[in-house]
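Structure, as structure tokens:
The values are calculated or read from the model by the stated rules, or taken from the named source; none is laboratory data. Everything numeric in this text was worked out from a predicted model, so none of it was measured. For neighbour counting, all protein chains shown are included, and Cβ atoms are generated from backbone atoms with ideal geometry for every residue, glycine included.
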Amino acid sequence: MKRRNIFFLILICVLLGAGLAGLVYLKQKTTQVKPTDVKVVVETDSAKETICLWQNYYDGKGYMFLPAMTRGDIKGAVLRIDGVKLIETDGNTHWTLSGMDILPYLNDSDSEFHLSAGTLDIDVKIMVSANVGAMFIDTESGSLAHIEEAKGNEEPGIFAFYDADGSVIGKGNLKKIKSRGNATFLEDKKPYQITLEDRQNLMGDKGSLLKNYILLANRQDRSLVRNALVYDFARDIGLDYSPANRFVDLYINDEYRGSYQLSEKVEVDNNRVDIDCDPKAADTGYLVSLDYESRADEGGQYFKTEKGTIYEVKEPGNLSAVRLDEIKNDISLREKAVLEGNIAQANIDITSFAKKYLVEELSQNLDAMYTSQYFYKDRGQNQTVFAGPVWDYDKTLGNPLIEGNRPINFQEPWGYYAAIKDPGQNGAFWKYLMEVPEFKEAVEAEYQKCRGAFLDIADSRVDSLKNKLEASACMDYYRWDPFENFKYEEEPDFDGNWTAELDWIKTFVTARAEFFDAVWIDGRKDYVINLDPGDGEIFVHETYGVEGLPVRVPREPKLQGKVFAGWVDDTGKEFDFDKPFQGQTETLHARYEDEN
């Protein structure tokens, strides 16, 4: 009898245990868990930061993007979510209540596992950056909703910036973080400006103590490096106040935001553009920029010169109408002198203008003399105006994303661009300057000095950035899908796509230098060759020829129902693109054949 009672007692305990276990399991399986609830705590001697899981909309997979410092000797990298069930690739199952050590997974860059937590059932891929630092920002609200709702919206926060080895570069309070940009603000991956409460140097040997820094998203540049390449080129050739910059992996409110370019801001400051600006002084120094008329219509310190050039006075701010008019008159007189070929009367620094023109022309900047073009002068009567600093070069160096249906082929490295604008456009400024022999001679002299630095982009700088940025850029690739592989359900090919993009930059730079070597150093004559598509269509109706060199093959026109069969000269003879050009052909005509 006693044995039977003991048996029933044991049976009841087993059933109760099984029932409780079932309830616990049921509770675990019905608990609402979002991907962002799954977090990794990364801890080093100087850092303790939290990063949440991100789920890809297209493939449904979860991605844990970890900073480079997790590759080093860290104290821990632990998943923090109660009731996590981890199923490894070998099928073994592990349970944890307080966190799972994921350090063993960090040794494998392709590490993947399956994660089951409550209602969340997801495959997870761990990706780890390398060679670049990581910036962590927490906004006061814990959200980016207000900041990204409208350009200029801001709120305070805190930040911490670590080098790739986990050492602290800077940390403290943010007076504000705000959204910024024009066309780039409209992108999903947005740029920001951060203002530190106290001055800090976040750039190392290249930087100085500053409060304002820009976080460039480079969303319209799939290489991510064009801005950095041109900024560094401008610094190398001695164009004053060219922004120091470095790449970072950005995390905001525990969420990975991608690869960003941290840069100094174009502003008046003792450690940036060091001039004296006084909004009350008649002879104040100023920092101005060219801009589109549509933006001037939105308000601000804009004015239009007699020749139709649109300027915005960036600093000083809070100008009265009288003071704004004085700056307008000062710039208008200088511009008039330039357009008349009298550089001495314009009182501009020829060297800085020659260098700035070379930056615009060699990079073939879409915005050359349209927007983000800065000029400055110090306070005082009859002060010299300088060109610079440089800013905004994502649409350069043959960027294929800017092509569209434009009348200029931005993937063609040969030919002038900045100096051939229509006289009614802002770009006529460079056109008229280059028509002044004194300025053209200065440009050609500066080119011989700087061509080595320009060719260094192709010879070493692109490869150097590739080695430094590859792991970080790969994480950005999976987060933002810049080549749209995920979007079109294609197999991800980061190595192939990104490498091809970088190789194209090197090809573009080499060919562009070839053209300007021919016309500025060898003194060869260049020609505009018109392209006649006949009944077909072509967006770009001209190409360049250089005396003594083969003409580069232009793009093919299209004609519905026909196949393009080549270009012929004015006599109907097939044009030989391998033969050195002698300048006798003015127009190439498209020839078509019937489709088979």
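A few points about this structure:
- Taken as a whole, the condition of being buried (at least 22 other Cβ atoms within 10 Å of the Cβ), touching a residue at least 24 places away in the same chain (Cβ under 8 Å) and in a loop (DSSP other than H, G, I, E, B) does not apply to THR371.
- Selection over segment 552-579 of residues that are closer than 20 Å to GLN411 by Cα and among the β-branched types (Val, Ile, Thr) gives a count of 1.
Condition check ((1) closer than 30 Å to ASP493 by Cα; (2) touching a residue at least 60 places away in the same chain (Cβ under 8 Å); (3) not basic (Lys, Arg)) across all residues:
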| residue | (1), (2), (3) |
| --- | --- |
| LYS189 | yes, yes, no |
| ARG219 | yes, yes, no |
| LEU224 | yes, yes, yes |
| ARG235 | no, no, no |
| LEU239 | no, yes, yes |
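- Lone unmet requirement of (1) assigned to a loop (DSSP other than H, G, I, E, B); (2) of a type outside the set (Lys, Arg); (3) buried (at least 19 other Cβ atoms within 10 Å of the Cβ) for ASP278: (3)
- Taking strands (runs of 3 or more DSSP E) as the structural unit, those lying wholly within segment 284-359 and holding at least 1 residues that are β-branched (Val, Ile, Thr) correspond to 286-290, 310-315.
- Number of the exception - ASP205 against (1) surrounded by fewer than 19 Cβ atoms within 10 Å (Cβ to Cβ); (2) under 26 Å from THR396 (Cα atoms); (3) not hydroxyl-bearing (Ser, Thr, Tyr): (2)
- Tally, over segment 474-516, of residues that are touching a residue at least 24 places away in the same chain (Cβ under 8 Å), over 25 Å from PRO407 (Cα atoms), more than 20 Å from the chain's Cα centre (by Cα) and surrounded by fewer than 17 Cβ atoms within 10 Å (Cβ to Cβ): 2
- Remark: pairs (first residue in segment 565-580, in the same structural domain as ARG555 (by TED's automatic domain parsing) and free of Cβ contacts under 8 Å to residues at least 60 places away in the same chain; second residue aromatic (Phe, Trp, Tyr) and not in a loop (DSSP other than H, G, I, E, B); Cβ separation under 6 Å; 6+ apart in sequence or on different chains) = ALA565/TYR592; PHE575/TRP567.
- Number of the condition not met by LEU465 [criteria: (1) surrounded by fewer than 18 Cβ atoms within 10 Å (Cβ to Cβ); (2) closer than 28 Å to LYS125 by Cβ; (3) of a type in the set (A, V, I, L, M); (4) modelled with pLDDT of 95 or more]: (1)
- Lone unmet requirement of (1) among the hydrophobic types (A, V, I, L, M, F, W, C); (2) in contact with a helix residue (DSSP H, G or I) (Cβ under 6 Å, 6 or more places away or on another chain); (3) not assigned by TED's automatic domain parsing to the domain that holds GLY238 for ALA164: (3)
- Filter pass, ILE137 being of a type in the set (A, V, I, L, M), assigned by TED's automatic domain parsing to the domain that holds ARG246, within 17 Å of PHE65 (Cβ to Cβ) and within 24 Å of the chain's Cα centre (by Cα): yes
- Residues of segment 301-321 that are within 14 Å of TYR286 (Cβ to Cβ) and of a type in the set (A, V, I, L, M): VAL313, LEU319.
- Where a residue in segment 154-174 is under 20 Å from LEU469 (Cα atoms) and free of Cβ contacts under 8 Å to residues at least 60 places away in the same chain and its partner, wherever it lies, is part of a strand (DSSP E or B) and aromatic (Phe, Trp, Tyr), with Cβ under 9 Å and at least six apart: ILE169/PHE161; ILE169/TYR162
- Screening SER363, SER332 for residues that are surrounded by 21 or more Cβ atoms within 10 Å (Cβ to Cβ) and of a type in the set (Ser, Thr, Tyr) leaves exactly one candidate, SER363.
- Verdict on LEU215 being more than 25 Å from PHE353 (Cβ to Cβ), assigned to a strand (DSSP E or B) and at pLDDT 95 or above: yes
- Hits in segment 288-333 - residues which are in contact (Cβ under 8 Å) with a residue 24 or more places away in the chain and polar (S, T, N, Q): SER289, THR305, THR309, ASN318, SER320, SER332
- For segment 555-575, the set of residues classified as surrounded by 12 or more Cβ atoms within 10 Å (Cβ to Cβ) and not basic (Lys, Arg) consists of GLU556, PRO557, LEU559, VAL563, PHE564, ALA565, GLY566, TRP567, VAL568, ASP569, ASP570, PHE575, listed by residue number.
Yes or no, residue by residue, for (1) closer than 23 Å to TYR57 by Cβ; (2) in contact with a helix residue (DSSP H, G or I) (Cβ under 8 Å, 6 or more places away or on another chain); (3) of a type in the set (Asp, Glu):
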| site | (1), (2), (3) |
| --- | --- |
| TRP498 | yes, yes, no |
| GLY534 | no, no, no |
| TYR544 | no, yes, no |
| GLY561 | no, no, no |
| GLY566 | no, no, no |
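- Qualifying residue in segment 518-534 (condition: at pLDDT 95 or above and touching a Lys or Arg at 6+ places or on another chain (Cβ under 7 Å)): yes
- Here segment 248-275 is the region considered, the condition is being aliphatic (A, V, I, L, M) and part of a strand (DSSP E or B), and the residue that is nearest to LYS39 (Cα to Cα) is ILE252.
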